[in-house]
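The values are calculated or read from the model by the stated rules, or taken from the named source; none is laboratory data. Please read these numbers as outputs of a predicted model, since none were measured by experiment. Note that each Cβ is placed from the backbone with ideal geometry, even for glycine, and that neighbours are counted across all protein chains shown.
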4 protein chains.
Amino acid sequence: MGNSFGKLFKITSFGESHGGAVGVIVDGCPANIEISEEEIQIELDRRKPGQSKIVTPRKEADAVQILSGLYEGKTTGTPICLIVFNKDANPKAYEHLKEVFRPSHADYTYLEKYGHRNHEGGGRSSARETIARVAAAAIAQKFLKETINIDTVGYVSQVHTISCSIDRNTVTREQVEATIVRCPHKESAELMIEHIEKARKDGDSLGGIVECVIRNVPAGLGEPAFDKLKADLAKAMMSIPATMGFDIGSGFSSIHMTGSEHNDAFILKNGDVGTRTNFSGGTQGGISNGEDIYFRVAFKPTATIFKEQDTLTKDLEPVKLAAKGRHDPCVIPRAVPIVEAMANLVVMDHLLRQNAYQF
Amino acid sequence: MGNSFGKLFKITSFGESHGGAVGVIVDGCPANIEISEEEIQIELDRRKPGQSKIVTPRKEADAVQILSGLYEGKTTGTPICLIVFNKDANPKAYEHLKEVFRPSHADYTYLEKYGHRNHEGGGRSSARETIARVAAAAIAQKFLKETINIDTVGYVSQVHTISCSIDRNTVTREQVEATIVRCPHKESAELMIEHIEKARKDGDSLGGIVECVIRNVPAGLGEPAFDKLKADLAKAMMSIPATMGFDIGSGFSSIHMTGSEHNDAFILKNGDVGTRTNFSGGTQGGISNGEDIYFRVAFKPTATIFKEQDTLTKDLEPVKLAAKGRHDPCVIPRAVPIVEAMANLVVMDHLLRQNAYQF
Amino acid sequence: MGNSFGKLFKITSFGESHGGAVGVIVDGCPANIEISEEEIQIELDRRKPGQSKIVTPRKEADAVQILSGLYEGKTTGTPICLIVFNKDANPKAYEHLKEVFRPSHADYTYLEKYGHRNHEGGGRSSARETIARVAAAAIAQKFLKETINIDTVGYVSQVHTISCSIDRNTVTREQVEATIVRCPHKESAELMIEHIEKARKDGDSLGGIVECVIRNVPAGLGEPAFDKLKADLAKAMMSIPATMGFDIGSGFSSIHMTGSEHNDAFILKNGDVGTRTNFSGGTQGGISNGEDIYFRVAFKPTATIFKEQDTLTKDLEPVKLAAKGRHDPCVIPRAVPIVEAMANLVVMDHLLRQNAYQF
Amino acid sequence: MGNSFGKLFKITSFGESHGGAVGVIVDGCPANIEISEEEIQIELDRRKPGQSKIVTPRKEADAVQILSGLYEGKTTGTPICLIVFNKDANPKAYEHLKEVFRPSHADYTYLEKYGHRNHEGGGRSSARETIARVAAAAIAQKFLKETINIDTVGYVSQVHTISCSIDRNTVTREQVEATIVRCPHKESAELMIEHIEKARKDGDSLGGIVECVIRNVPAGLGEPAFDKLKADLAKAMMSIPATMGFDIGSGFSSIHMTGSEHNDAFILKNGDVGTRTNFSGGTQGGISNGEDIYFRVAFKPTATIFKEQDTLTKDLEPVKLAAKGRHDPCVIPRAVPIVEAMANLVVMDHLLRQNAYQF
């Protein structure tokens, strides 16, 4: 279970890292959206391995195919199957990992859960699963942009000890894409890249923070009680591999303020309701208020490293383990499109949910 | 929508702050659990207003009644309705708020969403809704404790600028309940209480952090992809009113470590698989690994304050607003049982989900 | 599980026959519907016991209370709790049934499922549960009627061996309500009433058929594959206690026709697409086509009879059992509002689902 | 929406008749089931076109591929993608149908719903979609058989005016497969085959009844209120294309009996609880009682015929239409494995649901 996300724009993800394919079914996509494999591919290319010198060199084109749900270039309202066949699948490369639990990976937990697992490249627990999310969200992104001008921009604000402050009001995707680390602050970006290259040489890995802003979300999205917009965003982000934390608006730093400092006064903006500050991060009572939604996601340093580590085999024998082969010293740059994808999926779903009740 | 939580242990919450009642239906509770109104009341009493000098003085017994789903003191497997009739409902006290949007409250967003709202005490957006969660989770808590000895302990580790470090391995509920602020570190607790009392006098409010540890969760709970244990915990916590952030295990601080520092080496513990460190916070690949699950939840300073604030009426007239009447200067002490409740609901649901597949 | 119905207009039902109350939460009701307890009561009165000489004489006012979700007489979009407290609860009357399995009742299956059951009046398996459905659907019915003039009329077309043919195009609720058996064909109605009274005297029971027509459903409701309108109607109807069969349009009798006889030719009706015949029953490919939707529901003779029957105790002792006390010789007249209720719930849910995708 | 079925054994179906592929994701399959493409193919071959002289001659191998969710021949608990690439896709053959609504087909309703449709071979509304169900259910069938010996046998009992009575207690799949029409009564089968061949020559089509029995279902499956076993079976069957009716146990014929005739007396069978008769069809209160579950499904004569019919174009022009090309004069023989498939999916799902609560 657990491989579906969304209630009205529902995606169901499948596939393993070194199986035949990874893919996704989108059920509940509005009809009449013009979308092409090329448009989806643009997003997948931002996620794909081998895109720069600081990410994993696995060679995958990650070429997407649309198997159903479109006709004459437009969605038909019926399920869309998007699929990426694995090319660089090399199960043999993982032979030495069949009997051993890689520290801080899902090897042990999958075996405990299922009693049987595909260990090759992490099998189902591989971050290759996120291809499904990025591909599906490319359709949502296009719809949101064209229909109500919603604009989602993610970027890297911290890698390990190197952090910077980005103006979330003005940042653009062009600025983000200008550096291979996807940090729009150029000086910091250079430091981050150096830092990541050093980690690669050390056989070590680094974590960081991806921030994201969603603009032009109309007021009224999100539901009371459990399906608050912030709650669904939290779930969406914490379902991405390697995430360790999420906060929205002022987030953890809200604690250092008092209520009178933190409350967002309502004021007139262009003749409509707005807020003077936006510590709330664009939602109040779990429902969007029309201001920008922004949040942060913390990623741990990835678990695959080349340094020798202590661990156990599945027969409970202590062993030393050092990863071989390919290695992603910092997933943060590739995580940016995944964070954006999940944000777009959440907003799309809540837009449809809200729309259901408009008569 | 959005008033249900859980897939197999599913709760549906209803009721407004100053309506007739707040309550909950539990659908999917195992049969044969012995539970009484008194046992549920113990948890509600930890959440109720007026329990100490540092929380809102609203006078509510919050006395729970079981309307269905039990027979001869034991659950029957059919839906359990738990209800708390509102006693101190005083809709008139909110007359002055009918036309005005309280800053950082849900007044504006509910009106935008629904076009019609109950403004009395926040109506549905009131934190009184959390009664439903605490009541329902009391049943889950008993089952988890009795069936597999799962133990959930929440506590306050920070109020505004006053923070402390608690040993999550040893903290007990008795230690937590020993202070009215529910911080098990006595010296810090006294400072926090002073600080909250000052905020009350100032008509201001304070936020803080609730930490929580869940012990004895068996390995194997949680699902791949979207319904990861950490993702469902994140959603659960971020669905609580006033929450701004969530992190698990090493959380946001994981960023300052490298992979070789952060990875949790597998070692033998009592002849079984364990980890030397537990930066992962008890889950890997979204699935529990048998180690303690622990996480933090950030609460903003609550929005109701007595200080004068700028805002708008629903006719877009700028006005000055100062709350009258009752006021909760810091919700953190009362948030502890709510955080525990949501944690127990998530674990209970995933326990049933995992159990479904054991043959 | 299993106590919720609907995806966007979702009801969750609770309560036992002789427990404190039966009730329902409606989650996902549009805001701004004017509805009163009196309007809901009208529908409940059509379902309630003791309404005529041919139904069970249990004395229940079945007076509904609205506990949440309304403000100033209009729905707020938040969960609506409707509750009916049981008045004529007399658990002692069922003492003799505690240890014995009533034939064709749910006594045995509930005990096998849950290992613990409330035997009083059937507990949760009692048809009193349908109060929840009728109450919730009264709101849907009002919305459907006022918003798009949808009109649902159910009626009795057969009781045991007495059947009649009703013109489904013209039948009105007034005609239906004109006889206590809810058969709009007066001569047949009289025969049915006589027949039911005889069954009562014999301590026996009778089944029959309820037919239902839904008018003015716009084309386009229903979903491909599994959530076809006919499939959801089938589930809705077969979830009513004592139902044994469902067919739609020409139903089982379609088998005697060939394709060329059965196909519904498309023709112009008032300048729009219509069909010459309507053997399809208003849906094609699972989706409404704008023609009247009509279907039949078969109810078995109810299981409670006064005649002596063979059965077993829960200790597997063979015994003779004859019911005592009250007895409903034919549930068909009271089933009419339940069938209509379920039909309205299905249409309401699919209307919201379809509306979600209209941009 | 609407392309998923099941709660814990959840299938999501995708694909169009003449698109690239049809397929299914199974999410929630227990791990460690040995299953091969060959075993799934056996079931698909029973459904596939061209299997005999009385079904559509479309030439499709319908060869299934397993794209994910298995490792070393056994399920891993992660999503299983089963896919059948379309070989005999010939979109051009449907050019003449692009602008016209075929009577009693889904052409008009899909266009009304979505505003854009794939008309080729019915697109998503084609019965080719049922490949997904049969393929997914083959895994459930194997698990049910091996784990608890559940045995599902469907068969044809009526084609148009030719009906026969089959002993549901003894009928075997071997007997069913012995005739191409899947009627285990040989004399009737021969008449049915003749009758179907005549219909083909006439360019007309015939409907009929598929009956199905499910043996060895343990007592306790099914849920109170809405997810009754009979309700979920009804939905499952009525979601199959061309179905018009469903009844269970004594079904519509129960109406001719009185309660004293219809009630199933509990008696001892092999030292355990059984019933003397089984008019209930194996469920009481919506929950299985351990007796055989049996039901009937009515299929209309299929809509595709070669005879000339009146209809409209999408510009509302009246036209005459006669189908060209291939034609299935009677879908009943191929419907048998689909009915069995849906039955197995329902039982599998409820088995997991019940298992979730066993501690």
Do we find a residue being closer than 19 Å to B:Val134 by Cβ, touching a residue at least 60 places away in the same chain (Cβ under 8 Å) and among the β-branched types (Val, Ile, Thr) anywhere in the stretch B:58-79? yes
Kindly provide the set of residues from the stretch D:95-125 that are of a type in the set (Ser, Thr, Tyr), touching a Gly at 6+ places or on another chain (Cβ under 6 Å) and within 22 Å of D:Asp204 (Cβ to Cβ), ordered by number. D:Ser125
For the stretch A:23-48, enumerate the residues that are part of a helix (DSSP H, G or I) and charged (D, E, K, R). A:Glu37, A:Glu38, A:Glu39, A:Glu43, A:Asp45, A:Arg46, A:Arg47
Those residues that are modelled with pLDDT of 95 or more and more than 8 Å from chain C (Cβ to nearest Cβ), I need them from the stretch D:303-312; list them, please. none
Of all residues in the stretch C:146-164 being touching a helix residue (DSSP H, G or I) at 6+ places or on another chain (Cβ under 9 Å) and not β-branched (Val, Ile, Thr), the one that is nearest to C:Gly28 (Cα to Cα): C:Asp151
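Just give me the residues in the stretch C:303-359 being charged (D, E, K, R) and without any contact (Cβ under 8 Å) to a residue 24 or more places away in the chain, in sequence order.
Across the stretch C:303-359, the qualifying residues are C:Glu308, C:Glu317, C:Lys320.
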Could you count how many residues in the stretch D:1-39 are aliphatic (A, V, I, L, M), more than 17 Å from B:Gln354 (Cα to Cα), modelled with pLDDT of 95 or more and crowded, with 24+ Cβ neighbours inside 10 Å? 4
I'd like the residue in the stretch C:245-271 that is small (Gly, Ala, Ser) and not in a helix (DSSP H, G or I) and, out of all such residues, is farthest from the other protein chains (Cβ to nearest Cβ). C:Gly271
Among the candidates C:Thr311, C:Thr302, C:Thr277, which residue alone is closer than 21 Å to D:Ser254 by Cα and out of contact with any strand residue (DSSP E or B) (no Cβ under 6 Å at 6 or more places or on another chain)? C:Thr302
Tabulated pairs, the stretch A:11-23, first more than 7 Å from every other protein chain (Cβ to nearest Cβ), second aliphatic (A, V, I, L, M) and part of a loop (DSSP other than H, G, I, E, B), C-beta under 9 angstrom, 6+ apart or interchain: A:Ser17/A:Ala89; A:His18/A:Ala89
I'm told C:Asp349 meets every condition in (1) within 14 Å of chain A (Cβ to nearest Cβ); (2) surrounded by fewer than 22 Cβ atoms within 10 Å (Cβ to Cβ) except one. Can you identify the failing condition by its number? (2)
Quick one: which of C:Gly285, C:Gly281, C:Gly290 is more than 7 Å from chain D (Cβ to nearest Cβ), modelled with pLDDT of 95 or more and within 25 Å of D:Arg128 (Cα to Cα)? C:Gly281
Given (1) basic (Lys, Arg); (2) in contact with a helix residue (DSSP H, G or I) (Cβ under 8 Å, 6 or more places away or on another chain); (3) at the interface with chain A (Cβ under 9 Å from one of its Cβ atoms), index of the condition B:Arg334 fails: (3)
Members of the stretch C:148-181 that are part of a loop (DSSP other than H, G, I, E, B) and crowded, with 16+ Cβ neighbours inside 10 Å: C:Ile150, C:His160, C:Cys164, C:Ile166, C:Arg168, C:Val171, C:Thr179, C:Ile180, C:Val181
Every residue from the stretch C:54-80 that is within 30 Å of C:Ile332 (Cβ to Cβ) and crowded, with 18+ Cβ neighbours inside 10 Å: C:Ile54, C:Val55, C:Thr56, C:Arg58, C:Glu60, C:Asp62, C:Val64, C:Ile66, C:Ile80
Within the stretch B:128-160, the residues that are without any contact (Cβ under 8 Å) to a residue 12 or more places away in the chain and of a type in the set (S, T, N, Q) are B:Thr147
On the given criteria, is C:Ala61 outside any loop (DSSP other than H, G, I, E, B) and at pLDDT below 95? no
C:Lys300: passes all of (1) out of contact with any Asp or Glu (no Cβ under 9 Å at 6 or more places or on another chain); (2) at the interface with chain D (Cβ under 7 Å from one of its Cβ atoms); (3) free of Cβ contacts under 8 Å to residues at least 12 places away in the same chain but (3)
Filtered residues of the stretch C:193-231 (kept if in contact with a Leu (Cβ under 9 Å, 6 or more places away or on another chain), assigned to a helix (DSSP H, G or I) and either buried (at least 23 other Cβ atoms within 10 Å of the Cβ) or within 7 Å of chain D (Cβ to nearest Cβ) (or both)): C:Ile196, C:Ala199, C:Leu229
For A:Thr170, which of the numbered conditions (1) over 20 Å from the mean Cα position of the chain (by Cα); (2) in contact (Cβ under 8 Å) with a residue 12 or more places away in the chain fails to hold? (2)
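Name every residue in the stretch A:24-61 that is within 14 Å of chain D (Cβ to nearest Cβ) and among the aliphatic types (A, V, I, L, M), in order of residue number.
Step one: filter the stretch A:24-61 for residues within 14 Å of chain D (Cβ to nearest Cβ), giving A:24-35, A:37.
The answer is A:Val24, A:Ile25, A:Val26, A:Ala31, A:Ile33, A:Ile35.
Does A:Gly274 satisfy the criteria of being more than 23 Å from the chain's Cα centre (by Cα), at the interface with chain B (Cβ under 7 Å from one of its Cβ atoms) and surrounded by fewer than 24 Cβ atoms within 10 Å (Cβ to Cβ)?
Details: more than 23 Å from the chain's Cα centre (by Cα): yes; at the interface with chain B (Cβ under 7 Å from one of its Cβ atoms): no; surrounded by fewer than 24 Cβ atoms within 10 Å (Cβ to Cβ): yes.
Against the criterion (more than 23 Å from the chain's Cα centre (by Cα), at the interface with chain B (Cβ under 7 Å from one of its Cβ atoms) and surrounded by fewer than 24 Cβ atoms within 10 Å (Cβ to Cβ)), A:Gly274 does not qualify.
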